[in-house]
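The values are calculated or read from the model by the stated rules, or taken from the named source; none is laboratory data. Predicted, not measured: the structure shown is a model, and the values here were computed from it. Here Cβ is always computed from backbone atoms with ideal geometry, including for glycine, and neighbour counts include all displayed protein chains. Accessible surface areas use protein heavy atoms only, side chains included; no ligands, DNA or RNA. Shrake-Rupley method; radii C 1.70, N 1.55, O 1.52, S 1.80 Å.
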Amino acid sequence: MTEHRVDLAVIGAGPAGLAAALAAAEAGTRVAIIDAGVRPGGQYWRSPAPGTGSFRPATLHHGWHRFTSTDTRLTELAGTGRVLRLAGHHVWSILRADDQWSVHCVLGAEPRQHGTPAPVTVHARRLVLATGAYDRQLPFPGWDLPGVITAGGGQALLKGNLVVAGRTVVVAGTGPFLLPVADGLARYGARVAAVIEANSPLAFARFPRAVLGATGKLGEAAGYAGRLLRHRVAVRHRHVVLRALGTDRLTGVLVGKLDRAGRVRAGTEREIACDVLAVGWGFTPQLELALQLGCATHLDVDGSLVVTVDEDQATSVAGVWAAGEATGVGGADLATVEGRIAGLAAAASFGADEVGDDRVLRRRRTALRGFASAMHQVYPIPEVMLERCSDETLVCRCEEVDAGSIRRAVVELGATEARIVKLLARPGMGWCQGRVCGFATACLTARHAGRPVAEADLRAFADRSIAAPTPLGQLATPPGDEPPAGDAGSA
């Protein structure tokens, strides 16, 4: 077993994790950055491997200079022994051991086919969880056809491999994230037939204070809108995808316009030909590790289950901080600010005297959180998406569970919450462990039960004793001796 010992373990190397690690390290704390990716940056600053092709960061990324300057500084601190960078390490479990945490990792992008790699354990006195989020999906007829992907999946292919998902693409769902996805695809040669947005940005007029507190977001949105206009991409507001068309692969989509009551207006249905549909309904925070540790949670404005934190980004568990999308989806700028506050607070817990005054950071966080709250209210999931989910619509693709099975589990078998539906009908018991179907199953369960979605419904798919696919050989490996003393090197 390979073991490391540090003061602070930061889990996640996206905007929040990198900011937390840099703030803590510069304040004198020995930090380990643990991330599943082979390169830092998380999903937001995902980049292709060297030699993949001509990579132009400005065409795919905002704040790239912020990333490169942070990454360079962390590399410098790694040279002094103050920062340990562990890429390609999937954290599957965190256990409390006396006055420290033992962070257990699976090494590599996926479990090896031949032999089990040596387990890696990081022993840390404090933790910062910056685990990010993944695409939230809703089922609709045909969404399991080849060619239907998540909006984040389409962007990941482009950012990570410079691969355009298809020749003719429709980007659909709701939220500002659809714009950079469509923009990136158009810039790299795809024909974006349309952006199908369920809501309208004009609703931001109801939140003038929130908009004024984050004026940079307006310029960002205007830039996307201008480029999409130049690429002749139609952005259809108040429209939804009703069905994905095709037999053995996607050939097009059926879309319709919503009226003021949120219903599909009769006579507005139309088909759009495409070979790829990139669809996203916001993001689901990744909370497996936070729930393992027993961190308190609550429902956010967008209906997501998120970690509850205080003004220092501290969770309800002593010695554990959280930042970024895990505490509420709000974008990279908010994640960076929260990460820095968390890193400084963690460093201060060791008595660091270089933390300084962070009042400006806190004011900035307040403004960005206000904008995030407004954004969630401007871009809600339309009720029609659940109302039109017929019994035949597939919900859990891994276990082939349709919406009718979920309805019968509630109405006929008396399931009162999503956990019981999961046991009776098996949604969320397949390979993805509910990461794709969990949110939809929770919503459908609550709908059939005649109540709002509850925390327990969402926890049923996020609370796992093992947070990542882990070889049995690694689970059977006995714990090593006491962690080594000294610097952040391996034992």
On the accessible surface of segment 152-249, probed at 1.4 Å with all protein chains in place, carbon and sulfur together account for a percent value of 55 percent
Scan segment 202-234 for trypsin sites (Lys or Arg not before Pro) in coil per DSSP, keeping those whose Cβ has at most 15 other Cβ atoms within 10 Å, and list them by number. ARG232
Please list, in order, the residues from segment 144-167 whose amide nitrogen is less than 19 Å from a point placed 7 Å along the Cα→Cβ vector of ALA58. 159
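Percentage of Cα-Cα pair distances in segment 103-205 greater than 21 Å, rounded to whole percent?
Details: 2857 of 5253 pairs.
Everything past 21 Å amounts to 54 percent.
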How much length would be gained if the chain were fully extended between THR68 and MET1, taking 0.36 nm per residue of separation minus their Cα-Cα distance, in nm to one decimal? 20.9 nm
What length, rounded to one decimal in nm, is gained on full extension from SER200 through to ALA273, with 0.36 nm per residue of separation minus their alpha-carbon distance? 23.9 nm
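Quick one: in segment 121-166, what % of C-alpha pairs are over 18 Å apart?
Numbers: 552 of 1035 pairs.
Every Cα pair in segment 121-166 considered, those over 18 Å come to 53 percent.
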Cβ under 10 Å from GLY328's Cβ, GLY328 left aside: what net charge do those residues give with Lys, Arg +1 and Asp, Glu -1? -3
Expected output is a single nm value to one decimal: the length gained when fully extending between THR215 and ALA296, i.e. 0.36 nm times separation in residues minus the C-alpha distance. What is it? 25.9 nm
Once the in-chain neighbours fewer than 8 apart are removed, the lysines whose Cα is under 28 Å from LYS257 read LYS217
May I ask you to list the lysines whose Cα is less than 18 Å away from that of LYS159, ignoring any residue fewer than eight positions away on the same chain? none
Sequence order, segment 201-212: Karplus ³J(HN,Hα) from phi using 6.51 cos²θ - 1.76 cosθ + 1.60, θ = phi - 60°, Hz rounded, Gly and Pro as x, gives x, 4, 5, 4, 4, 6, 10, x, 5, 5, 5, 5
In degrees between 0 and 90, to the nearest 10, how far off the longest principal axis of the chain does helix 215-230 point, with axes built from Cα atoms? 50 degrees
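Accessible area per residue, 1.4 Å probe, Å², for segment 130-277: what's the number?
Values: 6600 Å² over 148 residues.
Using a 1.4 Å probe on heavy atoms only, each residue of segment 130-277 averages 45 Å².
Hey, can you rank 54-65, 325-336, 21-32 by average C-beta count inside 10 Å, highest first? List each step's numbers first, then the result.
Values: 54-65: 14.2, 325-336: 26.5, 21-32: 25.0.
Averaged packing, sorted descending, gives the order 325-336, 21-32, 54-65.
Please state the charge dipole magnitude for segment 254-303, taken about the Cα centre, from unit charges on C-beta atoms (+1 on K and R, -1 on D and E), reported in debye and rounded to the nearest 20.
On the way: 5 positive and 7 negative charges, 69 e Å.
Dipole magnitude for segment 254-303 comes out near 340 debye.
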Label-point separation in nm, ALA49 to ARG426, each point 7 Å along Cα→Cβ: 3.6 nm
Lone cysteines in the chain, defined as no other cysteine's Cβ under 4.7 Å from theirs: which are they? CYS105, CYS274, CYS295, CYS389, CYS398, CYS432, CYS443
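How large is the charge dipole for the chain, taken about the Cα centre, if only the Cβ atoms of Lys, Arg (+1) and Asp, Glu (-1) carry charge, to the nearest 20 debye? Could the numbers behind the result be given before it?
On the way: 52 positive and 47 negative charges, 365 e Å.
Once rounded to the nearest 20, the dipole reads 1760 debye.
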Net charge of Cβ neighbours under 13 Å - reference ARG407; Lys, Arg +1; Asp, Glu -1: -3
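With all protein chains present, how much of the accessible area of segment 1-146 (probe radius 1.4 Å) comes from carbon and sulfur, to the nearest whole percent? Show your work: numbers first, answer last.
Working: 2960 of 5780 Å².
C and S fraction of accessible area: 51 percent.
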Towards the positive end of the charge dipole of the chain, with charges on Cβ (+1 Lys, Arg; -1 Asp, Glu), say which of SER390, TYR134, ALA186 has the farthest Cα. ALA186
Ranking LEU202, ALA151, VAL38 by how far each Cα lies towards the positive end of the charge dipole of the chain (+1 on Lys and Arg Cβ, -1 on Asp and Glu Cβ), the top one is LEU202
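In whole percent, how big is the carbon plus sulfur part of the accessible area of segment 323-382, probe 1.4 Å, protein atoms only?
On the way: 1160 of 2280 Å².
About 51 percent, which is the carbon plus sulfur part of the accessible surface.
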If you take the charge dipole of the chain about its Cα centre, with +1 on Lys and Arg Cβ and -1 on Asp and Glu Cβ, which of LEU334, VAL264, VAL211 is farthest toward its positive end? VAL264
By accessible area with a 1.4 Å probe, ligands and nucleic acids excluded, highest first: order of PHE204, PHE67: PHE204, PHE67
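Kirkwood Rh over alpha-carbon pairs of segment 1-137, then Stokes-Einstein at 4 °C and 1.567 mPa s: what D in µm² s⁻¹, rounded to an integer? Mind dumping the intermediate values first?
Working: Rh = 15.7 Å.
It diffuses with D of about 82 µm²/s by this estimate.
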